[in-house]
1. Is it the case, given these coordinates, that Cys105 is surrounded by 11 or more Cβ atoms within 10 Å (Cβ to Cβ) and modelled with pLDDT under 95?
2. Only residues that are of a type in the set (Val, Ile, Thr) and under 18 Å from the mean Cα position of the chain (by Cα): list them for the range 42-71, please.
3. Restricting to the range 3-41, and then to whatever is under 15 Å from the mean Cα position of the chain (by Cα) and basic (Lys, Arg), can you tell me which residue is nearest to Asp94 (Cα to Cα)?
4. Can you tell me how many residues in the range 22-39 are open to solvent by 40 Å² or more (accessible area, probe 1.4 Å) and either in contact (Cβ under 8 Å) with a residue 24 or more places away in the chain or among the polar types (S, T, N, Q) (or both)?
5. Based on this model, can you work out whether Ser64 counts as modelled with pLDDT of 95 or more and either in contact with a His (Cβ under 6 Å, 6 or more places away or on another chain) or open to solvent by less than 80 Å² (accessible area, probe 1.4 Å) (or both)?
6. Can you tell me how many residues in the range 68-80 are open to solvent by 60 Å² or more (accessible area, probe 1.4 Å) and either part of a helix (DSSP H, G or I) or under 15 Å from Arg22 (Cβ atoms) (or both)?
7. Looking at Leu54, Leu50, Leu14, Leu43 in this structure, which one is farther than 21 Å from Ala80 by Cα and open to solvent by less than 80 Å² (accessible area, probe 1.4 Å)?
8. Looking at the range 51-80 only, could you name the residues that are without any contact (Cβ under 8 Å) to a residue 24 or more places away in the chain and of a type in the set (A, V, I, L, M, F, W, C)?
Amino acid sequence: MESLAISEPMVTRLQALADLNRLRILDTLRDGERCVCRLTETLDMGQPLLSHNLKFLREAGLVSGRKDGRWVHYSVIPEAVSEIEMLLAGIREDAVAAGPILDRC
């Protein structure tokens, strides 16, 4: 079993996922790019709260924003999600392979 090199960006991404509002935003973006005005309506979330969470997701590298006139359109960065999936899959695979350890203290 190989130990995983956990980076600061990965920790930030995992922290971003540990919030209900940010998970709701990612879930809404799973079908493609959305304008911030649509996110506000769909999620029934105030603009300041939505902006705060979108900033957190952007800084974590989970979403990107594209400016179009006065609006910003957000989308998920698939590569970032893949990196999280690979990390968790590696942990799961190692845990299954390891089985019980009869190390008594």
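The values are calculated or read from the model by the stated rules, or taken from the named source; none is laboratory data. Small disclaimer: the values here were computed from a predicted structure and weren't measured. With ideal geometry, Cβ positions are generated from the backbone for all residues, glycine too; neighbour counts draw on all protein chains shown. Heavy atoms of the whole protein, side chains included, go into the accessibility calculation; ligands, DNA and RNA do not. Shrake-Rupley method; radii C 1.70, N 1.55, O 1.52, S 1.80 Å.
1. Judged against the criteria, Cys105 is not a match.
2. Val63
3. So, considering only residues that are under 15 Å from the mean Cα position of the chain (by Cα) and basic (Lys, Arg), the one nearest to Asp94 (Cα to Cα) is Arg13.
4. Number of matching residues: 3.
5. yes
6. The number of residues fulfilling the criteria is 2.
7. That would be Leu43, the only listed residue that is farther than 21 Å from Ala80 by Cα and open to solvent by less than 80 Å² (accessible area, probe 1.4 Å).
8. Ile77
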